[in-house]
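Below is one structure, written out as structure tokens; comments come after it.
The values are calculated or read from the model by the stated rules, or taken from the named source; none is laboratory data. This one's a predicted model, so the numbers in the text were calculated from it and none came from an experiment. When we count neighbours, we look across all protein chains shown, and the Cβ atoms used for this are built from the backbone with ideal geometry, even at glycine.
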Amino acid sequence: MKSYVNWINGEHTVGSSKRLGKVFNPAIGEQIANILLSNSTDVDSAVMAAKKALPAWSALSPIRRARIMFKYNELLLKHTDELSELISIEHGKTIEDAKGDVTRGREVVEFACGIPHLLRGDFTEEVGTGIDAYSIRQPVGVCAGITPFNFPAMIPLWMFPLAITCGNTFILKPSERDPSCPLRLVELAKEAGVPDGVVNVVNGDKEAVDAILHHPDISAVSFVGSTPVASYIYSTAAESGKRVQALGGAKNHMVVMPDADMDQAAEALMGAGYGSAGQRCMAVSVAVAVGKNTADELIKNLVPRIQELKIGPGTDSDIEMGPVVTEQSYNRVKELIDKGVDEGAELIVDGRDFTMQGYENGYFLGGTLFDNVTEDMEIYKQEIFGPVLSVVRSPDYETAVDLVNRNEYGNGTAIFTKDGDAARDFSERVQIGMVGVNVPIPVPVAYHSFGGWKRSLFGDTHMHGMEGVRFYTRLKAITSRWPKSGVREGHSLNMPTME
Ligand code: NAD
């Protein structure tokens, strides 16, 4: 059986911790590897390596760091199939979907290739007589990233390529459920020319995370995961003086207006609701149908598509949806469906009894659809993170917008309509970080930034794009004067002004 350890100073490194976790293949429901669960000594070794690599790396000119990213981008492209297979085996998502995971991450590497331009400062000549002012952005130091299971390529790649091209060094603590892709990502980074110690991986769970949060030599922490953990990361890291961005969970609504093309809306909901078995932070889990006919039409369009979903191991070709990630997750989703029935939601398609021939121990669920879901129900309140879509019936547009705005989460939302006024009004008034107009999964491209509002993001800066550059650098303003030697102006104790 494979055993995953840490990656410190450019090599696989056994830790001092004796604790091990289990990595499963969710399609067969069996353990396929062990993973080291690091302790604070192991985290400290990674921090020491990152600290040692920092001076030389941050002194390298941005164009030279960018050249390494160009090479890295090529290697990621070349290894996309291999990385996708690693993801599919441990996560369960289909190979095609896993390729998207790698590609969306790689796009951030492409963005990081532009770092010489992105780090360009501002200069103002003659702010006073013979005085110039300029602002520069400098690295923050050793940064850390803690990532979730659901995008084992994209989310680590949201973080470390940009952090290091900004001149920082990095420690990644990937999800302990699917660590093989992140480990391969850093091996490839070394092959691209990233010097040893610049990117390190510490595997583990809460113990490793806590050691990161309290480590005095880590300056900034990026986190993506569930809301309770994001909130904890934010307060704990901020209290120990670190810069933090902590992205949390979601409950994403798609508002379907009566004038929408129902066929298109249903197609969009299939991908957004059931893609990756509903385990995306931008998954749509609530369809808000405006008007009775809209709900009826939408359901009529959805049901046959859900019943015909091609479910199976993600590594098989022609599969649309794989299993959920763990047995615990499988049981939780099933219990939530039971709860929805108990609470009076109308179960239109029931995915609980789905079994996969030859894969009876896999964590497979069928696509599930509820109608007449209301705000007080657990299936509405909780982020289910499984292939379960709820239809909430809304009498009118205003009620639909209020519903979305009242929700505690604010990650993504979408409106499907042919009415430009409604779309513009929705984009303007909705209290959500990422909005799609006839786009069901509005994940911003790499040169824009990704982040939610409300309890979907703790901290101020979103990921990647210019927000990412700002997060991984700090601003320095320099006021400079070169007086002629020998000229005496006398001293003044007054506040200097340009008067
Ligand atoms: P998770 O919160 O369980 O784990 C995320 C990371 O935190 C992992 O590395 C894990 O080891 C660590 N962790 C878990 N419990 C911890 C604790 N008590 N203390 C310290 N660290 C802990 O999340 P997950 O199940 O891996 O991922 C799914 C969640 O992530 C969903 O809620 C999803 O919405 C969210 N997510 C959000 C975004 C976003 O951009 N907002 C993107 C992807 C996933």
Might you check whether a residue that is within 16 Å of the ligand (Cβ to nearest atom), in contact (Cβ under 8 Å) with a residue 60 or more places away in the chain, within 25 Å of D101 (Cα to Cα) and in a loop (DSSP other than H, G, I, E, B) occurs anywhere in the stretch 472-491? no
In the list F160, F170, F223, which residue meets the criterion of being among the aromatic types (F, W, Y) and within 11 Å of the ligand (Cβ to nearest atom)? F223
Residue list for the stretch 197-209, restricted to those being near the ligand (Cβ under 10 Å from one of its atoms) and over 20 Å from the mean Cα position of the chain (by Cα): E207
Only one of E176, E187 is closer than 20 Å to V325 by Cβ, assigned by TED's automatic domain parsing to the domain that holds F151 and either in a helix (DSSP H, G or I) or under 21 Å from the mean Cα position of the chain (by Cα) (or both). Can you tell me which? E176
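Which fully enclosed strands (runs of 3 or more DSSP E) of the stretch 43-156 have 2 or more residues being in the same structural domain as F471 (by TED's automatic domain parsing) and out of contact with any helix residue (DSSP H, G or I) (no Cβ under 6 Å at 6 or more places or on another chain)?
122-128, 131-139
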With the requirement that a residue be of a type in the set (G, A, S) and either part of a strand (DSSP E or B) or on the phi > 0 side of the Ramachandran plot (or both), what does the stretch 14-40 give you? G21, G29, A33
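Where residues in the stretch 314-346 are over 25 Å from K93 (Cα atoms) and surrounded by fewer than 19 Cβ atoms within 10 Å (Cβ to Cβ), which of them is nearest to the chain's Cα centre (by Cα)? Show your work before the answer.
If we filter the stretch 314-346 for residues that are over 25 Å from K93 (Cα atoms), which is where we start, we get 339-346.
Still in the list and also surrounded by fewer than 19 Cβ atoms within 10 Å (Cβ to Cβ): 339, 341-344, 346.
Numbers: K339: 29, V341: 32, D342: 33, E343: 32, G344: 34, E346: 32 Å.
The extreme case among them is K339.
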When you scan the stretch 93-111, do you find a residue that is in contact with a Lys or Arg (Cβ under 9 Å, 6 or more places away or on another chain) and more than 15 Å from the ligand (Cβ to nearest atom), even just one? no
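Just to check your reading of the model, which residue among I95, I89 is in contact (Cβ under 8 Å) with a residue 60 or more places away in the chain and farther than 27 Å from V14 by Cα?
Answer to the selection: I95.
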Do we have any residue at all in the stretch 4-26 that's of a type in the set (A, V, I, L, M), over 25 Å from the mean Cα position of the chain (by Cα), within 18 Å of M159 (Cα to Cα) and modelled with pLDDT of 95 or more? no
Yes/no for V194 being more than 9 Å from the ligand (Cβ to nearest atom) and part of a loop (DSSP other than H, G, I, E, B): yes
Please enumerate the residues belonging to the stretch 245-282 that are free of Cβ contacts under 8 Å to residues at least 60 places away in the same chain and either of a type in the set (A, V, I, L, M) or within 30 Å of T473 (Cα to Cα) (or both). M262, A266, M270
